[in-house]
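For reference, the structure is listed below as structure tokens.
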Amino acid sequence: MHMQHQENYTALISIRRKYVQAKLLLYSLQSLALALVGIAILLKWGRALPVATAAGAGVLFVAVGYVAWRWHRLRQVNLQQVARHLDRTYPQLEDSSALLLQPAQNLHFLARLQQQKIGARVAELVTQQEKVYQIKPTLSYLSLGIALVLSVGIIYLPASPLTFAEPTAPIQIAFPDVPDSIASPDAALAIEEVKILISPPAYTGKKPYKADAPNLRVEQGARVSWQVKTNRPTATLELILNETTTLRAANEQTLHLFSQTFTQPALYHFNLNGQKSAYYTLEVIPDEAPAIQITKPEQYTEVLFGEAQQVTLQAQLSDDYGIREANMVATVAKGTGEAVKFREEKIKLSLSGNNRAYQVNQTLDLQQLGMTYGDELYFYLQAWDNHKGYTRSESFFVKIEDTTIVESMDDFAMGVNPVPEYFRSQRQIIIDTEKLVKEQKGMARTAFENKSDAIGVDQKLLRLRYGKFLGEEFESGIGPGGGIPEGEAGHHAGDGHDHPEFKNQNSAEALLDPYMHKHDQEEAATFFEPAVKVKLKGALAQMWEAELRLRTHKPKEALPFEYKALRMLKEVQQSTRAYAAKTGFEAPPLKEQEKRLTGELTKITAPSGKRSVEAKVTLPYTRAALQWLEKQKQSRSYTTTDASLLERAGQELAQEALHKPGRYLRAMQDLRTLIQDVRQNKALCRHCLASIEQAWYELLPPAKATPQKQSTSRSSLSQHYLNQLKSI
């Protein structure tokens, strides 16, 4: 029994060992794929760039860590997991593989029989060399193949943006204060080669590129790397920025690496074993904020009645490195006075073009924004670039014309209001007509005609109502070809239309009187001014045309006339407004002759105060250095301690040179030569003194203007004329 249990246990251990070995092989292949990429990066760029060295080492560390983690997980696989796997895979084991792990003496009789049967079947699986597990190596082999191709490409492909390829012309670093015999590589320590790599920030979307001159112009936030090679190993090479910051080199024997990220312009030079190079500029290209230019609509747009409630938006959005996001913020204002309500929402813009120059051309549907008559829309565009730039445009206003306002100051100035409340009625007719046109396709022909006739009747009643203000007393007398209605040609008693008796019945007035109806003349039956009456007549004519088309079942053709009638009625309402000046308290006039100079001034004192203001002296060392230069012009005597004054003045000049690098470089180089001459007690460079003096005077702010007596020069004739005037 004991031998049988040992054989079963050995079989399970063998299955576990083969499974762990197979999985470990696949994980090793995956780790090897990562390691190949890391090794390729180190071989290609490891010595040239510290970033590449860190990246390659990081990939190798991940590869080793991956294998270690997987090996730790595999070691946790035990025999109980192997037994459960066998039960899931082979039904003939009857879910009894766990019995193989227990000693036979601990089992009852039936369990021992089942253990013997299952042990024989497991041994048969092992002897047949059948794999009792399934492993898919396709992914591992595929990753290894991709890694091999990528590694070969990194190592052997010649084109690579991260390498320091040889520029068309080598970068030369000048040492103007060192003789050529000393600066030569054969005589002393010298710089043999300089390579400069510029890595633009991510927001620009540019790839790293190499510089071909020591004077640099880089993007804001770019990282600049200098690779300096000397003819001999040295630890005394430094890169000095703005005369204040010193960068130490990460060197490997003769290869020295400097790296720095720049957001502000700078001046730099090299310090090699105490010898300073010439100054070089590093200008920073600032990241501009996005530019927004809106061509349509106008700053203020009013949508009149009859016009489509739509606004066309045309704009151009541009940025130097690309726009990340842009939208429109629209605010709808509804109501008036204290009851006004605002609703704000963001609208996505339909952009076309590339991300550096977008074109916006879309139509804003005011009805979809929930706007109606009298509502206002305020909107502006805003855009963000890939960095920190943000821009918003000016606010634009769109208003839908409102004709429901009938309030007038005439209500407070007149006992009888001659202006009727007519706007809302005409507007309702327009709304009903628009609704009918919109629902025409879904209506029956009879229902459509009845609805059109009903709106025509409303238009007729409104027209008759306004006709009363022009003296139109009858429906048939309104419009073209009107006259007195049939049956009313004569008069009857009590109609109020009695005619006077003429003494001379043969006179012209008596003969024409029976044929005239003077009481119904429109020109004499209105209280409107002539200009207002003309506009109201025009509105009635437009109503007549609208009614004609509504009665003939053409509501779409009636809309333009309805819009025009409403607009003319509003003009009438505006023209009838009156202005009443406000009345208030008027103070009585003062008696100036009696009150003047009679007030008491005993308690009135003149205000007085003291304040001490210290005069702030700008550029103190520059002013002191200019005085030192004036002394040199006279005595030409100096001491070695004067070099410290010149250095401090040079620092003030360097700060200004950051903003205008190309203007003061020559002066700063001459100042360095002058300082060296002072320290070595040599004869001062004369042309250096002139260029430095000019630069310092340009650096000083302009002096404040002081009042001076103006002198005038006159010609002899003008002077003689002036003398003649004085003698008079």
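The values are calculated or read from the model by the stated rules, or taken from the named source; none is laboratory data. Small disclaimer: the values here were computed from a predicted structure and weren't measured. All Cβ positions, glycine included, derive from the backbone under ideal geometry; neighbour counts span all protein chains shown.
Quick notes
- For segment 692-704, the condition holds for at least one residue, the condition being that it is in contact (Cβ under 8 Å) with a residue 12 or more places away in the chain, of a type in the set (S, T, Y) and either in contact with a Leu (Cβ under 9 Å, 6 or more places away or on another chain) or not in a helix (DSSP H, G or I) (or both).
- Unique residue being within 29 Å of N242 (Cβ to Cβ), surrounded by fewer than 13 Cβ atoms within 10 Å (Cβ to Cβ) and not assigned by TED's automatic domain parsing to the domain that holds E243 when the list is Q655, Q627: Q627
- Some residue of segment 554-568 being under 53 Å from the mean Cα position of the chain (by Cα), modelled with pLDDT of 70 or more and in a loop (DSSP other than H, G, I, E, B): yes
- Among (1) in contact with a His (Cβ under 8 Å, 6 or more places away or on another chain); (2) within 30 Å of L313 (Cα to Cα), the one test that T295 misses: (1)
- Considered as a group, the residues in segment 382-415 that are among the charged types (D, E, K, R) and assigned to a loop (DSSP other than H, G, I, E, B) include one that is modelled with the lowest pLDDT, and that residue is E407.
- Test: residue in segment 331-339 that is farther than 19 Å from A289 by Cβ, surrounded by 11 or more Cβ atoms within 10 Å (Cβ to Cβ) and touching a Leu at 6+ places or on another chain (Cβ under 6 Å): yes
- Unmet requirement for I323, which otherwise passes all of (1) over 20 Å from N386 (Cα atoms); (2) among the β-branched types (V, I, T); (3) surrounded by 12 or more Cβ atoms within 10 Å (Cβ to Cβ): (1)
Here's the yes/no breakdown for (1) closer than 20 Å to A52 by Cβ; (2) part of a loop (DSSP other than H, G, I, E, B); (3) not acidic (D, E):
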residue: R217; (1), (2), (3): no, no, yes
residue: V224; (1), (2), (3): yes, no, yes
residue: V228; (1), (2), (3): yes, no, yes
residue: P233; (1), (2), (3): no, yes, yes
residue: E238; (1), (2), (3): no, no, no
residue: E243; (1), (2), (3): no, yes, no
residue: S259; (1), (2), (3): yes, no, yes
residue: L267; (1), (2), (3): no, no, yes
residue: N271; (1), (2), (3): no, no, yes
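- Only residues that are of a type in the set (A, V, I, L, M) and over 28 Å from the mean Cα position of the chain (by Cα) were counted in segment 382-405, giving 2.
- Within this structure, T254 fails the test of being touching a helix residue (DSSP H, G or I) at 6+ places or on another chain (Cβ under 8 Å), at pLDDT below 85 and polar (S, T, N, Q).
- Total residues in segment 43-60, condition modelled with pLDDT of 75 or more and surrounded by 13 or more Cβ atoms within 10 Å (Cβ to Cβ): 7
- Every test in (1) modelled with pLDDT of 75 or more; (2) within 56 Å of the chain's Cα centre (by Cα) is passed by P707 save one, and that test is (1).
- The one condition in (1) at pLDDT below 80; (2) at negative phi; (3) polar (S, T, N, Q) that Q627 fails to fulfil: (1)
Let's see how each residue does on (1) crowded, with 16+ Cβ neighbours inside 10 Å; (2) acidic (D, E); (3) under 16 Å from E283 (Cβ atoms):
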site	(1), (2), (3)
T204	yes, no, yes
K210	yes, no, no
Q220	yes, no, yes
Q227	yes, no, no
L239	yes, no, no
E243	yes, yes, no
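- For segment 302-316, the candidate set comprises residues that are surrounded by 15 or more Cβ atoms within 10 Å (Cβ to Cβ) and modelled with pLDDT under 90; within that set, the residue that is nearest to T363 (Cα to Cα) is Q309.
- Cβ separations smaller than 9 Å between residues 6+ apart or across chains give the following pairs from segment 318-341 residues that are at positive phi and in contact (Cβ under 8 Å) with a residue 40 or more places away in the chain to residues that are of a type outside the set (D, E) and not in a strand (DSSP E or B): G322/Y203; G322/T204; G322/G205; G322/N355; G322/R356; G322/N386.
- Segments classed as helices (runs of 4 or more DSSP H), wholly inside segment 593-686, with at least 2 members that are more than 54 Å from the chain's Cα centre (by Cα): 620-634, 661-679
- Only a single criterion out of (1) over 30 Å from A249 (Cα atoms); (2) modelled with pLDDT under 80 is not satisfied by A63, namely (2).
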